Structures are given as structure tokens and as C-alpha cells.
Amino acid sequence: MVIDDRLFLPRERLDDFIASLANGGRRVVGPTLDDGAIVMADIERADDLPAGWTLESAPGRVALSRLPDGLGSRRAFQYPVTGDGIKQITFPSRVDSLTVETTPEGGTAVRVVAQAEAEPVAILGARACDLAALAVHDRVLIEGPATDPDYASRRKDLLVIGVECAVAGSTCFCATMGTGPEVTTGADLVLSELDDGFVVRSTTVAGERLVTGLGLTPAKPEVVSQADGQVAATRAAMGEGAIPDRARELLLANLEHPRWDAIAERCVSCANCTLVCPTCFCTGQVVRSGMDGRASTSVRTWDSCFTEGFAQVAGGNFRSRPRDRYRQWLTHKFGTWWDQFGTSGCVGCGRCIAWCPVGIDVRQELTALANSSVPLPDTLPAAQSVERSRAAGAAAHAPVGPDTIQLDFVEATVTEVRPETADTTTLRLTTTDPGLLRGLPGQFVMVAVPAFAIPPISISRFHPDGLELTIRSAGAATSFLTRLRPGATLGLRGPLGRPWPLHDAEGRDVVIVGGGIGLAPLRPVIDAIIRDRDRFADVRLYIGARTPRDRLFVEEIDALAIRDDLIVRVTVDRAGPEWLGRVGIVTQLFSSVVGTGADATAFICGPERMMGATADTLGDLGIPPEHMWLTLERRMECGVGLCGHCQMGSRFVCRDGPVFSVAELGSKLQIEGL
Amino acid sequence: MDVGVRAAVAIPGHGPAPRRPRIGVVKFASCDGCQLTILDLEDDLLEIAERFEIVEFAEATSRRSSGPFDVLLVEGSISTPEQVVEIARLRAEARRLVVIGACATAGGIQALRTAAEHEAFREAVYPVPAYVDSLATAHPVADYVQVDAELRGCPIDPRQLLELLTSLSVGRRPQLPDQAVCLECKRRGIPCVVVVDGQPCLGPVTRTGCGAICPAFRRGCYGCFGPREAANTAGLVAAFGAARPGVDQLGMSAVDIGRLFAGFTGAAPAFRSVTVSLGGRPPMPLRPTLASPPETLVDGPPAWGPVDASPAHPTESED
Amino acid sequence: MRNVNRAGGEATAQGDRASYSEIPIFASMPPGPRDRLADVVTRLEFEPGVTFMNEGEVTASLAVVVRGRVGLRMRVPERGGVTILTLEAGDIVGWSAIVAPYRATTSATTLEATELAIVDAETLRSLLADDCELAAALLPQILDTVVKRLAATRVQLLDLFQGSEINAW
Amino acid sequence: MGHGGDLRFQVENLTRVEGEGSLHLRVRDGVVEEAHLEIFEAPRYFEALVVGRTPDEVIDIVARICGICPVAYQMSAVHAFESLFEVEVHPQVAALRRLLYCGEWIESHALHVYLLHAPDFLGYPSAVELARDHRDLVAGGLRLKKAGNQLLSILGGRPIHPVSVKVGGFSRMPRRSELVALRPSLEEALELALATVEVTAGLDTPSFDRVPRLVSMKHPTEYPLNHGRIVSSDGVDLALSDWGRAFQEVQVPWSNALQARAKDGYPYLLGPSARISLAGDQLHPIAREALARSGALESIRTNPYRSIVARAVELVHATAEALDIVDAYERPARPATPVTPRSGVAAWATEAPRGLLFHRYVVGEDGKVAAATIVPPTSQNQAAIEADLAAFAPRILDLPIGEATHRLEQLIRSYDPCISCATHFLDLRVDRSP
């Protein structure tokens, strides 16, 4: 850092400075006083800033007070972080993300909406932690396989004026997290506020252009050193070591620690911590439609892992207990975030502490865990180190989905409707989209019709001119889909997700186990194996259904059963006397028939409990975990790894799965509420 | 599988256009505010009237029907023996029965009276106890009949009502999330009144849907949408009871905390249990507590009296 | 040897020690006990549709499916006979033959042409009482069958394939 | 007499009124023997429910008596407590409370005029059917109503049971910009209200003239809302806290709700017609002018069916005054004045859309309410309605029974009775024990 580069902005010229930010029609957003707090809002002049005010924060408390009289009493940034930071500007709580409409011709048009009003924004007063969080958001929302178009468009022309904190709150711990108080990233200009003005440092071309226009004079050396001393004092006031070392390892090793129950007694799962957190990015889609149902808009809305609906799927809820929700938040934030994004999810801003209505302090909770932790394994990479963690992540947890994911939807037309059971229907669709036709067994599509939520549906067969979807009526959207007629149109996003690794089965015995609707995503696997039968050794197909009437693809399976190069076994959970086939759970079929375990590859799909039992039994029979593949069901709102709903451990089920090997999942299948 | 009640909309390939759903609106013990919310959907009211056949809505139309209904919206709590019979009859006439508002979903504030108070009250007050027939306490509709959906709130939220009607019209599930008020509060960027002012707020344990109105007006939520799922009332009570440095209003007494929960949805089990354990529900007087008791009974049709100025009238205040 | 052909099957072999080695339950027993057990076993063949054990009645014998399939059924007044499990080669049927009060918890019906290896219940019980070595070898295997059926029943109780709320509300 | 000696008119469920009631009229040989407005709305015990509560809690609770006029209950309660606690509120607080009340008047009157009452005059069962033939008329009425609801929402968060009123002021007062944003809709509402006067004044009404005793509040410089004195056409002139010196509550056997009568036992009439007749000189100039143009001043007083014109005139007043208040608004530094509670009797009345609403509370040493009396306008108007039914019945005896019944129901609707309000007290007051 070259001292000569720094300029001085006298306080009297703050209005000019703000006016220069507004040049070119920019909206200027900065801290203002409102309803007892300092929040980020539109500002026009220096008077809009909370000059003379400061904030004191403690767990569950943010108190506004007057600065003492004196030279510093006109300061406008003499407080630590504002209540809402800059997240509402770059990642608003509600934005339109998709429109789905029935066209006059009867088609279905889906449009991905970027920022509706692309007005440029200048942010005045972003703090180091805010900007570290912005960098995290960039990684999550832009640098992944899929890019959030709204975020990218807001981010593109953002002009950011950072301010280095002259005071630290009792809840601040950016020094521990290595994100502040010095502003090192994300700002075009950095200000340090002194009593009579600001030391200004430009860090980008845009920032340089701004200060050049203002004709500022260089800051005197004593002024510069005063500014440096101020931020150093802030750092010293915070101290380091606010949270234990190796937080990631600590959390992952203590998933069943009794402390989670203790937290759950205090935590009211209000979700405030997640919504004030500058890096939390989970969103849900709220569908808005007119009463005619011909057009709808999906509104991307802040969601939280503390809500019941967050982990809700058709069959139930993965995290019904509040303790599971708190654990999910903390282990993701400080732990698996490293695996997914190569960084901590925490930037040390302390908002989750200050704005917790019951005053839970994550620093205390992590320390308590550390004080009574199980011994941490030495082999895991240390937390805090991006590089080391990333290297470890690459070995064990590298995402294996596609490198880039398109968000667009394409149109497909229903040409045939085949009822399979009382509640399940297969739709034959045609489409001309080459991307869709290139889909692989195990992949899925997001299916859009106006006025309904957009569910993920596995592809149950590929055709040269289209594909099939087998849909069980489990909710309103799927129920609507099962009642479509030939001629109806749909919007499809996909194919998405990691396919079944058929190459892993080549030359080996193949065991395919499908339970209930789980047979649908396995059908393309069976198709592929039949097509290239000689590339596989013995092939066995085990199918479970609730009752004989709930069997899927009955004629097809019967036809397979009479082939002499396949073994097909079907069992049902219960049946009347007219059923002469097998009754019992699917694992009971294995005992007498699987003999060649170590040489077999298994593909398993069904309810999670059934897959767990199947994997256990097949494992006992000798099939290695790295050759057992299964698909996980989690709530998916976007299907492309942006909404966060299907996050599980270090993965997004939609993007890194839904197909995983048992080896990859390890013991996670067994832990309740993960 | 038949889902929802489809309104008259024909989309190619999406099946034939069905008839208009028959909708009814009825009330039991209540303030009429929830059904008024229907009339407050000014921008959509005429379209609603086109998409639905309104066959019963005494507040708005002279046309009457006893059913059958595709959708019946029910306001108010069940408070008299006649109402118990009536709700059972209506249930049989309704394909979908949707209860609207805190009275219908939780009994309303009138449900705070207890059976003992009610009996004592009847015996103490009524010369002829049969004269006024009311149940020991007011009940939510679901105490008597199966309920298909509910709109919470005192009153219900117009956006949620529109969402319900829209979802009925297009045949989807209404999006009525069971989350804390806090989510909406934070989405709106409202500074938390507990944190900023030390005001008690039931937002963390109350279901969202109102749009976080009270915090937006810088006061604590008073729970009119009732308990959310997994409401950790004990955690909140502990936090309100604990005095925090610099936060004057917290460090509340048990009774004051209990009274917070004894509001418009105070009879909902999750809230009632707090009041029962902490106290705070003001006791219902066993005898009338009127500031000025009523005069004696009169009989016969009234007739207009003289309108000329009468010197007999008192014109000056006594105090 | 007693005639255990009460169920209507046709006896094919009796006490043929060598022929039991391919049946898992025998195969895993030490030779001594296995032979002593084989001495009291009768092999019977059944037509499809023969019910050889009746729910609630005293269990006449313990059997091992040698070939074919057997359905275990329970009576449900509104639904008639409900098949709750089907058994295949190697599976044990009639464990109630050694557990007081020796009453069958299900009925057993052949679903196709089926061969069973059968031991008379009373004979087996006295054998187990007298021959500790045989009991130690056989009982864990019967227990294993009961345990697996219990575990499977629990999984079925979860009704994993059941649709969730199909009604849109 | 076209009919036999004994005639009964019966409407088991009154429609297009707030709450549940029925009409029973028995005429023998041309003489009205019974004229009953029966109320069977279930009781909710509000006067008991407020006992043990703090004044601010009472303000929230009494709002729940009525979903149509919750602000009225809040206003009577808050002013009662402030008078006991001797709180001086900021002038802008007083202005915004009038504005809040204007919002409720607009919402309530527009609801009644367009959705409940107008279909009677134009021969439709409801506004929905009316809208099929006169869509613009109904749509305009809905926009007018919406303007009122928007005011309520900006000031109190929602139109029904707003949340911001507290002793000493408001929990939050809006920024000036928030109020100014309402100007366009209020300006349109004023135009719509003026048109409403014209339309309603031109409606064909049954001829029925009588001279009722009228009661309303009156203030020397403002149209009566939150302040003034209680006056009557026969010379009553009392402080707002002294309602009980001229009026009394009585019990009738056919109704679950108490009625109120003047001390001499005669009925009296509250509401828009009474206010315009007694305090019309304080109407906003634009409203005064509209009233004069309509030529309806005299008939508003004498013909109950003309109350629809009175409501229209008050719609003009409320929208015009709302615009004035918005224009003069500056956000005060603090939304509320600090309050020191004290024990004693808190009594006040304000003008609800349907007329004078009287509250009286006994506040104990612990700062909580120990006893309460709430006298809503519809309770007070019940006797007036019955008197009118009795007086009007002889004129329609020759009409077919259906038509006659409809006329009687229409007559009841012209009072805009709010049965939910009237009823919520009823069984609490049935005290015939010594």
C-alpha cells in the first residue's frame, strides 16, 4: 500500500461526493436512521446519514445512542455494522425469477427474469465484513455451475464505497474470521472516517475515476497514520480467537453432541440469524398467479433452514426437530461451506448474535462444543485454510455434476398419456430441444405449467424425439400434471443432475433395485442395459411395490421377466389371495439369488429407508459401497444448485446428485435430521 | 385424483372447462371482519364474483342458499348449542370447508373464558338461565367438524384470502407458509423491536401471514395468527423473563408474560399452555362488572317521543 | 417314523441324510446334529393351492421349503385372506411348532407345486429337549428367521411406498 | 284491508347487514302489536374480556367488537383513557386520528352505500348482480372504498383491526411521503364521493316522513369525530363523558341486545342523518356545497330511506378532510406522548360511522380496567328502528306480502345496523336480580 496514493475528502465535501456517486442516474444507498436502528436506504445528501449516532451491540440487543459531544460528534459512520447490510441491495428478499404463461396458441412459455429494473446502484458505507460476504455470494451465485441471473445483473454495475470500521461492537469478530476490519476486497473506493473528513483510497478504475473528478488533495502523512491507527485499534478491540480453531472439523465430528439439544431449548427457530446473515442465500419460490391460472410468476423469496417447509418433501420432513435445523445452519455455515465453496460461510459480522431475539451467541456455542468435543481426527484438513480445505474437498467431495447449467426452459408437448396406477401416470412428451434429447439415465427435469410450483421429475424413458415422465400425484403440481391430456404443453428445465454411472457397471454383474415410484428413474438404466446387453454380466432386477395394483410398467416388466438373460423379481408389501406373486419387502428377495457380490454394481432407487435397508443387505452380500449407487430425494426449488433447499452435508442433491454412491454418503444416511 | 375446485378456465390439453364453483360464506360468533375482508378485495371482487357462484353470503347478498357448496368459508367460533348443530349440517353440505380467522381457527378471544366461570356467570346473572343459551366457552370449528383448510389471523390477511381463492380457482394448493412472523419481518428489513427497543414480541412463535404489521409499526407482535409449528414458547418466555443489560422492558414478570399469550389466539393449545403455567389470563368476573348497569326491562313497540327542546334535560356536566 | 402326511402332500423321501446338504438350514449344521435331524424329516410334494397350516390351529410340523413357493396368509374379515409374506426355497415355515402354545400365527398355502421337508412338531420338540447339540445348532437358525420377519414387518409398517397426502390440500 | 285481521311479516335472516338478526312484525286489525328487531348473534362477553387488561390492551381488544368499525372502538377507548390520564397529545397525533377515522368512514359508508344499500333501490339482490348491469357504478364504489382502506393501512397497518393506536399517540407515525403518496387515490375518491351524492340524491325512495328525535356530537370548529359535546334535537347538551345523564340502557325480552332510550323512555336516532341535521354547519365546504346542491337536507332528517344521501355527503366530507390533513401533515419527532396512568373513571364518546359510541371504564389502582360499559350506536338505534317499523307498517299493508316484507327489510338496512356491535354485550347486562 503506497501512502502517497491516498487522498483526503473534507467533511464539507461529503455532499459533493454523494452527488458524484449519483452521477449517471445511480441510486445511492447508504446508512440512515429509521425506527430506532441504522439501516441501508436511499440517500441523497450527507444529512441523510446518521451523523452523530452510534450503535452498541450485544447478544439480542442493538442500542442506538448519541455520540458524545466533541470533535468526533459529527461522524457519520461511527458504529459497527448496520442492521441489514447490503444483502437487500444485491440479493433482495423478493425478486421475480420466472414467468410461466399459456400462450394464445396454447403453448407454454417460460421466461427467466433477470433484474426487472436494471438501474445502477452505488453503495456508500459497506464494511469489510459486508464485502467479504459479497465475495462469498459471488462464489455461490455466479461462480457455480449455474448463475443467478438477477444477482449477476445487480452485481455487474455495482459501485461500492467501503468504510473501514472505526469502532467494533461486542458482537464483531471479523478479525477472527480474517475478513476485516481492513477493507481488502470488493470496494471501488475505501474511506476511513476521521473527525473532519475522510482518508480515501481507490482500489479500482471506477474508484479512481470518481476521486479524479472530485479533485481531492493527497492526505497528509499524519492523517494517513491516524486512519491506519484507528483501524488497527478496532482490530485490537475485537481481538482474535473468538471461535475455536478447526470449526469445520469440530462440527462434523460432533453431529450428535448433547449441546444441540441445549441450544434447541433456547433457540426459537425464528430464522432471524439466517436472514440477517450476509452470506445466507437460501431462497424459495412463491408462485403468484391470476385467478384464471393462465400465467404465473415465480418469486424468489428469502427462505431459511429454520422453517418447517424448508426440508419438506412429498413423504415428510427431513428436519422436523428444531435442533436439527440449528445444527444444519451452524454446520453448514462454519463447516460444509468450506467443502462446497472453499470458504467459511461466516464473515464475523456478528449480526446473527446481535439480532437474535433470545441472544444466542454462535461464538459461545462453538466454544461450548469445543470444550466437550469428541477428539477430532487428525487426518481432516484444518479449517480456516481455504487452500488446504479446498484441496481436501477436491479429493473427497468434488461436485460431479455438469460444469455449466443453463437455466432456460424449453417447450415440450404431451403426445400420449398412460395411466400406470391409481395415482401415477406416464406422460410421453415430444420436444425438439437437442439438450433435452441428450439427457442420460438418472437425470431429471424441472416441469413448469402456469400457476403451479415447479417440481423436479425424473426422466423415465428417452426417445429420439422426446422423453417420458412418470409422475405420481403427490401434491397439487404433480396431481395437475397427471391429469394433463395429449396436446398440453409444458416448460422443461434440464436435463439436470448427475446420471447413473452406467460405465461403472460395464463388465460387471448388475443389480437394480426399485421401490415404488423409484422404478421410474431406473427405467432408462434398464433400457440402456437391454440395448447393450452383452456389455454387462448377470443382470438382476428387483422391484418392490405396495400392492399388486401399485406396480409400475407391468407389461414391460412381465416382458422382461420371460427373457432368459435377465432375472426379474417382483414383490409387494401386501396382497389379496388372488395375487400369486411374491409378498414381502424387497430385501428378502436377495438372500437366495445374489451370489457374486464383489463383482456387482447396484443401482437403487426408492424411499430412503428402503434404500438404506437395501444397501445394508447388499453390502452384507459383498457389493462394495463404491459400486452401490442410489438417488436421494430432497426438496428442490430450482434444480440447479442456487436455492439451497437440497443442501445435504457438503452437497447439493440437485447439482452434485441426485445419484450418489453409498461410499460417498458414508454414514450420513443414518443420522436423523441431517 | 380430484384436486381442488376448478374454476371456469379451459387451457388446451388441460381438460374441459368445469362449472363455476359454488361458494358460501357463513358466520358464527365473530366481529364480521374476516368476511368483510372478502369485500375489501376491491380490485378482485368482481372477478371473484365471475369465477365463483356466490350462493350464500348474508353480509353481501340477499340471495340465500343452504347448499351444497363446493367451498364454504366459515367465520366465527362455535358458542351456542344451536351452532353446534348448524356447523354439522353445513359440513355435510360442503365439499371443502375452510375456516377463516382467529375465532374459527382458535376460538377467538372469547374462548378465554373457562367452563367454571361460565357456569358461575349463568347462575349469578340470569333469572331464567335458559334465556341466553351459550356454550361454556367458545370453540374453534375444528372441535366439531373436519376442516379442510384454514386462514389464520385476526383478521385474516387479504393477500392470503386472495391466494386461497386463486388456488381454489386454478386447483392448486394454497401457499400459506407455517413460518415465524420474523421471516416476513426480516424480508421487509424491519428492525427487530425486541432487539432495538426491548419490547416483547410474539413474532418468533407466531405464524406468518400478516406481513409483520406490528413490528412495522414498531410494536411487538401480539400473536393474532396463532402459534406456528414447533413454536418454542418456553424459549421465548425464558428470554422475556431474563433481564438483559440496557434493555429495560425485558425482565418481565411471569404474569405479564402470560398475559401476552392470552390474546386473540390465546385459546390455541400452544399459547394457552403458557398462560396456564405462568398465570396472566385476567379472570372473568363472576358477576357483571358494568361501569353502569342497565335499567329495567321495557316492553311493547316503542314510538317516537316529543322532539321539542325540553327544559328537563341536564346540560351541565356534574364534574 | 410317523406319518406326517396330514396336510395332503405326497411323501417322496424320508430320512435320506445325503439329500439335505443343499438345504441351507441343514447345510449350516454340524454333521452330527444334521444327521439326527434328517432322520426325522419327511419330504412331501404339494399341488398348488394346498393349505397345509391353518392360522390359529395347532401347528403340526415345522417345514423347510425345498422347492416352490408358499404364501403366508392372515384372515381379515373385510378383505378375506391377505398374503403377508411369500416363502421360497430355503425358507422355514411353522416356527410356532416349537413355541408354546404351538398355534400357527398364519395360514400357509402353496402357490405353485412345492416340495417341503417336514418334521413333526412333537417329534421335534422332544428331540430339542433331549439333544442339546441339535438344539444349539437349530434354534439360532429358527430365531434368525423370526428376527428377519420381524424386521421386515417393521419396515412394512412404515408403509414406505404409500403416497403422501394425495389430496392437494 | 286486503289481508285478514292478523298479519305477520317475518325475515328470519336479515341480509346485507353486519351480523345476524331477524325482523318480526305482527299487525292485528291494522294496529301494530309487535315490531321487533330480534338479534340472535352469539354473545362474546367483551365487557368481561377487558377486565384485568391495561388500557393499551383494551384498545386492541375492543376493536374486535366490530370488523366494520374497529377504529371507532379504538377512538372511544383511547380518548377515554387519555381524558382520565390527562394526556395532551401532539396536534399531528390528533390530526392523524381524525384521518384514521376518515378512512374508516370512507370504507364503512362506501361499503354500505354501494354494496349493501344501493342494490335495494335499483332492484338487485346484491352488488354482484348490480355490477352485471352497472359495472362502472360498482367499480367506482369499490375504488372509493379502497381509498378509505388505504388510509387505514398506511396509518394502522391494515383496514380491519389496525395496530398503531395507543394511549398517548401512535406506536409509529408515517413519513410525510407515505401519506402524500395517497393523494391521487384520495383525489379520485373525492370525485367519486361527489358523484355518489348526485346518484343517491336521485334515487327513488319510498315516501315516509316522520320527525325523529336526533342525537349526535357537535363541535364548534370541526365536524364531530373525536371531540365535542353530545347534543340532541330536543335540547340535550352534555360533555362526552356524561352520556348516562340523558340516556339509559334497557332490556327488551325479544332481543339478545340491550337497547338504549332517552331518560324519558323514548327512542332517539344516531348516525349520518342526525349528524348532518345537528352539526351540518361544520361539514367541509365541499360537502356542504354538495349537500346544498342535492337539496336533500330536509328529507335526510325526516325520511329514513334518505340516509343513503347522508352517507354520500359524509363520504365527501371524509375524503375532503382527509386531503386537508394529508397536506398539513408533518411527522412529529415522537409518535406518542409519555403517559402516567392513574385510577378513576375514563369515559368518552366518539362518532362511529353509525353514530355515537360511548365507552366508560373504571381503572383500578393497578392501572388495569376493573369494569367497563360500552354502548354502541346500533344498540341505541334499535328502538328507533322498531319505532320506524311500527310507524311505517300501516302504509304497506295493502302490498303483496313479499313486497311489503322487502320494504321493511330495506327500511332496516337504511340504518346500516351493525348487529355484531350491538350484540356483543347482550347477555352480560341481563341483570334482573335485585
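Looking at the range A:92-134 only, could you name the residues that are open to solvent by 40 Å² or more (accessible area, probe 1.4 Å), within 21 Å of A:TRP302 (Cα to Cα) and outside any loop (DSSP other than H, G, I, E, B)?
A:ARG94, A:ASP96, A:ARG111, A:VAL112
Would you point out the residue of the range A:323-354, among those that are closer than 20 Å to A:CYS267 by Cα and of a type in the set (D, E, K, R), that is most open to solvent (accessible area, probe 1.4 Å)?
A:ARG323
Kindly list the number of the only condition in (1) within 18 Å of A:SER458 (Cβ to Cβ); (2) surrounded by 24 or more Cβ atoms within 10 Å (Cβ to Cβ); (3) at pLDDT 85 or above that fails for A:PHE660.
A:PHE660 satisfies all of (1) within 18 Å of A:SER458 (Cβ to Cβ); (2) surrounded by 24 or more Cβ atoms within 10 Å (Cβ to Cβ); (3) at pLDDT 85 or above except (2).
Return the only residue of A:ARG551, A:ARG569 being out of contact with any Leu (no Cβ under 7 Å at 6 or more places or on another chain), open to solvent by 30 Å² or more (accessible area, probe 1.4 Å) and modelled with pLDDT of 90 or more.
Working: A:ARG569 fails: out of contact with any Leu (no Cβ under 7 Å at 6 or more places or on another chain).
That would be A:ARG551, the only listed residue that is out of contact with any Leu (no Cβ under 7 Å at 6 or more places or on another chain), open to solvent by 30 Å² or more (accessible area, probe 1.4 Å) and modelled with pLDDT of 90 or more.
For the range B:81-99, state whether one or more residues are of a type outside the set (Val, Ile, Thr) and in a loop (DSSP other than H, G, I, E, B).
No, the range B:81-99 contains no residue that is of a type outside the set (Val, Ile, Thr) and in a loop (DSSP other than H, G, I, E, B).
For the range A:596-633, what are the residues that are of a type outside the set (A, V, I, L, M, F, W, C) and touching a Phe, Trp or Tyr at 6+ places or on another chain (Cβ under 7 Å)?
Selection gives A:PRO607, A:THR617.
For residues that are open to solvent by less than 10 Å² (accessible area, probe 1.4 Å) and over 24 Å from the mean Cα position of the chain (by Cα), scanning just the range A:490-510, find the one that is nearest to the other protein chains (Cβ to nearest Cβ).
The residue in question is A:LEU490.
Look through D:VAL250, D:VAL211, D:VAL231 and report the one residue that is outside any loop (DSSP other than H, G, I, E, B) and either surrounded by fewer than 19 Cβ atoms within 10 Å (Cβ to Cβ) or facing chain B (nearest Cβ under 8 Å) (or both).
The unique qualifying residue is D:VAL250.
I'd like to verify a number: residues in the range C:105-152 that are over 15 Å from C:ILE25 (Cα atoms) and among the basic types (Lys, Arg), how many?
The number of residues fulfilling the criteria is 2.
Please pick out the residue among A:PHE480, A:PHE462 that is open to solvent by 10 Å² or more (accessible area, probe 1.4 Å) and away from chain B (no Cβ under 13 Å).
A:PHE462
Among the residues of the range A:355-407, what is the count of those that are open to solvent by 60 Å² or more (accessible area, probe 1.4 Å), under 16 Å from A:GLY335 (Cα atoms) and either at pLDDT 85 or above or among the basic types (Lys, Arg) (or both)?
Counting residues in the range A:355-407 that are open to solvent by 60 Å² or more (accessible area, probe 1.4 Å), under 16 Å from A:GLY335 (Cα atoms) and either at pLDDT 85 or above or among the basic types (Lys, Arg) (or both) gives 2.
Can you find a residue in the range A:190-203 that is under 16 Å from A:ILE86 (Cα atoms) and surrounded by 24 or more Cβ atoms within 10 Å (Cβ to Cβ)? Step through it out loud before you land on a result.
Initially, the range A:190-203 is screened for residues under 16 Å from A:ILE86 (Cα atoms), giving A:190.
If we keep only those that are surrounded by 24 or more Cβ atoms within 10 Å (Cβ to Cβ) too, we end up with A:190.
Yes, there is a match, as at least one residue in the range A:190-203 is under 16 Å from A:ILE86 (Cα atoms) and surrounded by 24 or more Cβ atoms within 10 Å (Cβ to Cβ).
Here is a list of conditions, (1) surrounded by 21 or more Cβ atoms within 10 Å (Cβ to Cβ); (2) in a strand (DSSP E or B); (3) hydrophobic (A, V, I, L, M, F, W, C), and C:ALA97 meets all of them except one; can you say which number that is?
Unmet for C:ALA97, out of (1) surrounded by 21 or more Cβ atoms within 10 Å (Cβ to Cβ); (2) in a strand (DSSP E or B); (3) hydrophobic (A, V, I, L, M, F, W, C): (2).
Could you run through the range B:212-261 and say how many residues are in a loop (DSSP other than H, G, I, E, B), small (Gly, Ala, Ser) and at pLDDT 95 or above?
Within the range B:212-261, residues that are in a loop (DSSP other than H, G, I, E, B), small (Gly, Ala, Ser) and at pLDDT 95 or above number 4.
Which one of the conditions (1) more than 30 Å from A:GLY666 (Cβ to Cβ); (2) open to solvent by 50 Å² or more (accessible area, probe 1.4 Å) does A:GLN588 fail to meet, given that it meets all the rest?
(1)
From C:GLU88, C:GLU112, which residue is surrounded by fewer than 20 Cβ atoms within 10 Å (Cβ to Cβ), farther than 18 Å from C:ALA60 by Cβ and acidic (Asp, Glu)?
C:GLU112
Against the definition (open to solvent by less than 30 Å² (accessible area, probe 1.4 Å), within 11 Å of chain C (Cβ to nearest Cβ) and under 26 Å from the mean Cα position of the chain (by Cα)), how does A:GLY612 come out, yes or no?
Taking the combined requirement at face value, the residue satisfies it.
Quick check on my filter: what residues within the range B:195-227 are touching a residue at least 40 places away in the same chain (Cβ under 8 Å) and at the interface with chain A (Cβ under 7 Å from one of its Cβ atoms)?
Once the filter is applied, which keeps residues that are touching a residue at least 40 places away in the same chain (Cβ under 8 Å) and at the interface with chain A (Cβ under 7 Å from one of its Cβ atoms), the range B:195-227 yields B:ASP197, B:VAL205.
I'd like the full set of residues that are at the interface with chain A (Cβ under 7 Å from one of its Cβ atoms), touching a Pro at 6+ places or on another chain (Cβ under 9 Å) and either within 22 Å of A:ILE89 (Cα to Cα) or in a helix (DSSP H, G or I) (or both), limited to the range B:168-186.
Of everything in the range B:168-186, those that are at the interface with chain A (Cβ under 7 Å from one of its Cβ atoms), touching a Pro at 6+ places or on another chain (Cβ under 9 Å) and either within 22 Å of A:ILE89 (Cα to Cα) or in a helix (DSSP H, G or I) (or both) turn out to be B:SER169, B:VAL170, B:CYS182, B:LEU183.
Out of the range D:37-81, which residues are modelled with pLDDT of 95 or more, open to solvent by less than 10 Å² (accessible area, probe 1.4 Å) and farther than 19 Å from B:GLY76 by Cβ?
Passing the criteria: D:VAL58, D:ILE59, D:VAL71, D:ALA72, D:GLN74, D:MET75, D:SER76, D:ALA77, D:VAL78, D:ALA80, D:PHE81.
Does the range D:182-205 include one or more residues that are outside any helix (DSSP H, G or I), in contact with a strand residue (DSSP E or B) (Cβ under 6 Å, 6 or more places away or on another chain), open to solvent by 10 Å² or more (accessible area, probe 1.4 Å) and at pLDDT 95 or above?
no
Only one of A:THR179, A:THR171 is part of a loop (DSSP other than H, G, I, E, B), open to solvent by less than 10 Å² (accessible area, probe 1.4 Å) and either among the aromatic types (Phe, Trp, Tyr) or in contact (Cβ under 8 Å) with a residue 24 or more places away in the chain (or both); which?
A:THR171
Looking only at residues that are over 32 Å from the mean Cα position of the chain (by Cα) and open to solvent by 30 Å² or more (accessible area, probe 1.4 Å) in the range A:620-631, which one is nearest to the other protein chains (Cβ to nearest Cβ)?
Within the range A:620-631, the match that is nearest to the other protein chains (Cβ to nearest Cβ) is A:ASP620.
For residues that are surrounded by fewer than 20 Cβ atoms within 10 Å (Cβ to Cβ) and outside any loop (DSSP other than H, G, I, E, B), tally how many sit in the range D:337-361.
The total comes to 2.
Do any strands (runs of 3 or more DSSP E) lying entirely in the range C:23-92 carry at least 2 residues that are more than 10 Å from chain A (Cβ to nearest Cβ) and touching a residue at least 60 places away in the same chain (Cβ under 8 Å), and which ones are they? Full working, then the answer.
On the way: elements: C:41-46, C:51-53, C:61-67, C:70-76, C:80-87.
Where strands (runs of 3 or more DSSP E) fall fully within the range C:23-92 and carry at least 2 residues being more than 10 Å from chain A (Cβ to nearest Cβ) and touching a residue at least 60 places away in the same chain (Cβ under 8 Å), they are C:41-46, C:61-67.
Would you pick out the residues in the range A:466-522 that are under 16 Å from A:GLY439 (Cβ atoms) and charged (D, E, K, R)?
The answer is A:GLU468, A:ARG493, A:ARG498.
Would you point out the residue of the range A:63-87, among those that are crowded, with 22+ Cβ neighbours inside 10 Å and more than 29 Å from the chain's Cα centre (by Cα), that is farthest from A:ALA354 (Cα to Cα)?
A:ARG75
Identify the single condition in (1) surrounded by fewer than 24 Cβ atoms within 10 Å (Cβ to Cβ); (2) modelled with pLDDT under 75; (3) touching a helix residue (DSSP H, G or I) at 6+ places or on another chain (Cβ under 7 Å) that D:LEU23 does not satisfy, given that it satisfies every other one.
Failing condition for D:LEU23: (2).
The values are calculated or read from the model by the stated rules, or taken from the named source; none is laboratory data. What you are looking at is a predicted structure, and each value in this text was computed from that prediction instead of being measured. Cβ coordinates were reconstructed from backbone atoms using ideal geometry, including for glycine residues, and neighbour counts include every protein chain displayed. Side chains included, ligands, DNA and RNA excluded: accessible areas come from the protein's heavy atoms. Shrake-Rupley method; radii C 1.70, N 1.55, O 1.52, S 1.80 Å.
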